[in-house]
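In what follows, a single structure is set out as structure tokens and then discussed.
Just so it is clear, none of the values below were taken in a lab; they were calculated from the coordinates. None of the values given here were measured: they were computed from a predicted structure. In this analysis, Cβ positions are derived from the backbone assuming ideal geometry, glycine residues included, and neighbour counts consider all displayed protein chains.
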Amino acid sequence: MTDSGRNSTMARAGGRTARSSSDVCPIHCIIPPYMLKEIARRGSAGQQAWAWQTLTLSEQMRGQRQALSVIAAMGTTATGTKRRTIYDARNGTRLPGRMVRGEGDPRGKDRAVNEAYDGSGVTYDLYFKVFGRNSIDERGMRLDSTVHYGRNYDNAFWNGQQMVYGDGDGELFNRFTIAIDVIGHELTHGVTEYEAGLEYQDQSGALNESFSDVFGSLVKQYKRRQTAKEADWLIGKGLLARGVKGKALRSMKEPGTAYDDDILGKDPQPGHMTDYVKTRDDNGGVHINSGIPNRAFYETAIRLGGNAWAKAGQIWYATLRDKLRPASSFKDAARWTVAVARDRYGAGSLEQKAVRGGWAAVGMRV
Amino acid sequence: MKVEFCRTGGVAGTRLTATLDTERLSPQETARLRRLISTACFFDQPTSLKSSTSGADRFQYQLTVEEGDRIKKVEIDESCVPRTFQPLIDYLLDSCRARRKKKRS
């Protein structure tokens, strides 16, 4: 791996909209932008990181992407260039683990390593070729993944800097790299963090989860070159171990039908606002209530026809990137996706009607 | 002593639970459980250990321990589990899996 630590530090800490004041040293708020730019250009790795972060956190800069373009040029990789690194945690929990595959390295025998490498590559390609986005931070951020995390670890997660995948317990779950939409799901949490910053709680958290399922599903559909009609709209198909009564983790088409198993229980997802689940579990049910906006996307994509990434995906991406805020609700998402469709395709257009219809199907009229 | 354990969250969004009652455990298991609770300084922990850092799809744990007239509930995010607490979490997760295996067979 030849990547510079400077760039990776800057790429991870900089360009990210603040989620907490503890991320930004308060003293730096009085430093003028011209001085911050010099520090971002010539400082140490740590200095570049907070200078970049302070610049992009400025409310004045938010939305002014042109103003940031000069700064963005610093530490940006050539667009279209992937920088994937796969690590092996060897069933421990220290991250990132031992590096086992770098960008351009040949395939080895470890399936999880190869799946993480390939899956993050397809995810990068979807974002770059379809949405014009250069990696998670729009500046070519490294895509780091750790596999074989923990012991019988039945999960995958985004830790704010990288993707992490367990091997599953072999009884209920297979290895978590087996499903490419799960890989796309985790990477999209990074994108959301850099864009709308949807708070991981209640409705904003369920939206956060939904965007990850939406773009995770689009990664799978894109790889298979499927239309919305051809797609199965299942998240994590292949992840459930043999013997488990279920198809996948979730169904975007029919929330609540993905599994019904003696041990796993029944898929708890609602597909309509009337069935919204109020719970303290799971940060207010972020993986539960995501069924509602998931289905809204499915209904929109089916109404539009063709490849789901072409129009529905573009509308949802633009909404995530330009419109939503950390505390956005389902209502906000519905209103903004309809507005984006209007702006892109015209008031009263088939596209706008499809988005309205998608949300109406889940009980959200806008 | 009764221990109630619940894990929620994770990318799969599933719920894992276990209830242990020392009246139904062997003396060795009871001793082990008491040792883990003691090592975790369970009754001295804050009631909530929530992560303030970014990230997604981590687990959340809820533990309730009841002994005599003492009862305490602790909610912890996976990324905030203290090192001394982790063995207790691991033991409870193994209990969940053992219970599941029994149910399957």
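Just a few scattered comments:
- Computed per residue of chain B from DSSP H runs no shorter than four, each worth -39500 (n - 2.57), the mean residue ellipticity at 222 nm is -10000 deg cm²/dmol.
- Total formal charge among the other residues, if their Cβ is under 10 angstrom from that of residue A:350, Lys/Arg +1 and Asp/Glu -1: +2
- Anisotropy class of region A:84-178 from Cα gyration tensor, a/c 1.5 cut: prolate
- Gyration tensor (alpha-carbon) shape descriptor, chain B, a/c threshold 1.5: oblate
- Neighbouring Cβ atoms from other chains, within 10 Å of the Cβ of residues in A:149-159, number 5 on average.
- Burial ranking of peptide ranges A:137-146, A:97-106, A:284-293, A:120-129 (average Cβ count within 10 Å, highest at the top): A:284-293, A:137-146, A:120-129, A:97-106
- Whole-number Å³ per residue for the convex hull built on Cα positions in region A:202-360: 102
- Number of partner chain Cβ atoms within 10 Å, mean per residue of A:257-265: 3
- Counts of other chain beta carbons within 10 angstrom of each beta carbon in peptide A:341-348 average 0.
- Restraint check, A:245/B:101; B:2/B:73; A:266/B:103; A:82/A:253, Cα-Cα greater than 23 Å: A:82/A:253
- Counting only lysines at least 8 places from residue A:331 when in the same chain, those with an alpha carbon closer than 17 Å to its own are A:278, A:323, A:353.
- Taking the fewest neighbouring Cβ atoms within 10 Å as the starting point, the ordered list for B:52, A:328, A:217, A:210 is B:52, A:328, A:210, A:217.
- Residue-count net charge about residue B:37 - beta-carbon cut-off 12 Å; Lys, Arg +1, Asp, Glu -1: +3
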